[in-house]
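Trainee: The structure follows.
The values are calculated or read from the model by the stated rules, or taken from the named source; none is laboratory data. Every value quoted in this text rests on a predicted model; they were computed, and no experiment measured them. Because the Cβ atoms are built from the backbone with ideal geometry, glycine has one as well, and the counts that use them run over all protein chains shown. When the accessible area is computed, the model is the full protein with side chains, heavy atoms only, and any ligands, DNA or RNA have been set aside. Shrake-Rupley method; radii C 1.70, N 1.55, O 1.52, S 1.80 Å.
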Amino acid sequence: SNEQPTAQPTRPILESTIGRFSLTKDEVCREDGKPSIYYFGYSGCPHCKWNHLIIQAVAKKFPTQIVFHDNMDKLDKLAAGDGEILNKYQEIHGGSVPFLAFGCKYVRVGSGENPQESDGGKTEEDKNLTAIICKLTNSQPGKICSSVKDLIEQVK
């Protein structure tokens with residue numbers, strides 16, 4: 001038969017940085033001058049649940065430096081701005097969760113789990129998420145960001 005194979009949608013090729021995050025070409029998105037951090041997932045997804053606890057803990061380290069949009073279990077009722085972010089990066093995530101968008105500059109589909117690590121990668125994930133947020137906050141707060149200084153330098 002002469003049937004043509006169905007083309008799979010191609011995801012844009014993005015430069016990668018630490019923690020399996022990719023770099024977008026976008027300017028950093030901010031609210032009230034603070035980088036906007038977005039998390040999308042749902043509790044029926046084990047990878048989302050694993051990542052959600054870590055992102056919540058990391059976001060708490062930056063109480064006045066970021067605006068955290070926690071969209072766990074809100075995929076069907078997103079606030080307008082959050083829906084725009086999810087739609088903006090549709091080509092990247094293709095509907096998959098967990099999806100993280102840090103300041104619209106760093107994005108990742110999937111969790112930071114690492115079965116090779118003794119704690120499943122929780123410590124590594126915590127450090128990677130912290131370092132990327134520190135990159136967006138110009139290493140503020142200093143007491144948090146100084147602990148991941150070596151990683152911040154690796155963030156593109």
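Trainee: What's the FRET efficiency of ASN114 with ASP76 using the Cβ-Cβ distance as r and R₀ = 22 Å, to the nearest 0.05?
Mentor: Details: r = 30 Å, r/R0 = 1.38.
For R0 = 22 Å, the calculated efficiency reads 0.15.
Trainee: At 0.36 nm per residue, minus the direct Cα-Cα distance, what do VAL28 and SER146 gain on full extension? Give it in nm, one decimal, please. If you can, show how the numbers build up before the last one.
Mentor: Working: separation 118, 0.36 × 118 = 42.48 nm, distance 2.20 nm.
Contour length minus Cα-Cα distance gives 40.3 nm.
Trainee: Using 7 Å Cα-to-Cβ label points, what is the GLN154/SER16 separation (nm, one decimal)?
Mentor: 1.3 nm
Trainee: Note down the magnitude of the dipole of the range 53-118 about its Cα centre, charges +1 on Lys and Arg C-beta and -1 on Asp and Glu C-beta and zero elsewhere, to the nearest 20 debye.
Mentor: Values: 7 positive and 8 negative charges, 48 e Å.
Approximately 240 debye in magnitude.
Trainee: For the chain, with every protein chain kept in place, what is the accessible area per residue (1.4 Å probe, Å²)? Kindly include the intermediate steps, with their values, before the conclusion.
Mentor: Numbers: 8700 Å² over 156 residues.
Result: 56 Å² per residue.
Trainee: Tally up the carbon and sulfur contribution to the accessible surface of the chain as a whole percent, 1.4 Å probe, everything protein left in place.
Mentor: Solvent-exposed carbon and sulfur of the chain make up 50 percent of the total.
Trainee: Need one word for the chain: rounded, prolate or oblate. Basis is the Cα gyration tensor (sqrt eigenvalues a ≥ b ≥ c); a/c below 1.5 gives rounded, then a/b vs b/c decides. It would help to have the intermediate numbers written out before the result.
Mentor: Working: a/c = 1.62, a/b = 1.48, b/c = 1.09.
Note, shape of the chain comes out prolate.
Trainee: Further, regarding this structure: Quick one: Debye curve from the alpha-carbon atoms of the range 23-86 only, equal weights, vacuum; give me log10 I(q)/I(0) at q = 0.16 Å⁻¹ to two decimals.
Mentor: -0.58
Trainee: Relative contact order of the range 88-155, please, whole-number percent, based on alpha carbon pairs below 8 angstrom and at least 6 residues apart.
Mentor: Values: 56 pairs, mean separation 13.9, N = 68.
Computed over the range 88-155, the figure is 20 percent.
Trainee: Between the alpha-carbon centers of the range 137-156 and the range 113-131, tell me the distance in whole angstrom.
Mentor: 16 Å
Trainee: With an 8 Å cut-off on Cα pairs and a minimum separation of 6 or more residues, tell me the relative contact order of the chain in percent. Each step should come with its number before you reach the end.
Mentor: On the way: 230 pairs, mean separation 45.6, N = 156.
Dividing the mean separation by the residue count of the chain yields 29 percent.
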